[in-house]
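Reviewing the structure listed below.
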Amino acid sequence: MYWLVVLMSLAIFSLVASGLYLEFRPAQAVRTRAWFKPVLSTQLLGFFGALIGILVLGVGDVMAEAGEAATQAVEISTGMGLAILGVGIPTGLSTIGAGIAVGPIGAASLAAVMERPEALGRSLIFLGLAEGIAIYGLVMSILLLNRI
């Protein structure tokens with residue numbers, strides 16, 4: 001299993017290196033290099049080959065370890081599982097609501113600050129109130145988690 005981890009690490013490193021090369025080199029230099037496209041395609045092929053190798057060859061090792069761990073695990077009832085899912089719902093929904101609120105408020109406050117710089121404090125208060133929605137959901141999840 002360790003050889004798959006090494007293979008994946010090398011594949012990811014080569015993709016990151018090629019991405020950095022593309023970022024710091026101008027587009028004209030990439031087009032003129034005849035060796036660049038075959039090297040990049042080889043790196044991508046090695047990356048996806050390592051992914052498939054982990055899926056095909058590593059599943060047996062993972063399942064063997066999961067079988068050993070499953071004998072020591074404590075069983076959770078359906079009600080307890082639903083309760084744990086219910087604890088996460090307030091945090092998720094409040095975070096989505098805060099994201100929806102911060103978008104327009106942030107755009108409007110940026111426009112207001114550009115016109116009148118003295119409105120910065122007031123706009124930060126409005127942004128803080130919108131972000132508070134997510135914190136309220138987190139507090140509710142913590143309170144619900146203490147009830148379980």
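The values are calculated or read from the model by the stated rules, or taken from the named source; none is laboratory data. The shown structure was predicted, so the numbers you read here are calculated from the model rather than taken from an experiment. Reconstructed Cβ throughout: ideal geometry from the backbone, glycine too, with neighbour counts over all protein chains shown.
Annotations
Quick grid of which residues meet (1) loosely packed, with under 11 Cβ neighbours inside 10 Å; (2) modelled with pLDDT of 90 or more:
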position	(1), (2)
VAL62	no, no
THR78	yes, no
LEU85	yes, no
PRO90	no, no
ILE105	no, yes
SER109	no, yes
MET114	yes, yes
TYR136	no, yes
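- Residue in the range 35-58 that is touching a Phe, Trp or Tyr at 6+ places or on another chain (Cβ under 7 Å), surrounded by 11 or more Cβ atoms within 10 Å (Cβ to Cβ) and at pLDDT below 85 present: no
- No other residue among LEU127, LEU143 is hydrophobic (A, V, I, L, M, F, W, C), exposed (fewer than 13 other Cβ atoms within 10 Å of the Cβ) and part of a helix (DSSP H, G or I) apart from LEU143.
- Taking the criterion of being among the β-branched types (Val, Ile, Thr) and in contact (Cβ under 8 Å) with a residue 40 or more places away in the chain, the only residue of the range 136-148 that qualifies is ILE148.
- Search result, residues across the range 92-134 that are aliphatic (A, V, I, L, M), under 30 Å from MET80 (Cβ atoms) and in contact (Cβ under 8 Å) with a residue 12 or more places away in the chain: LEU93, ALA98, ILE133, ALA134
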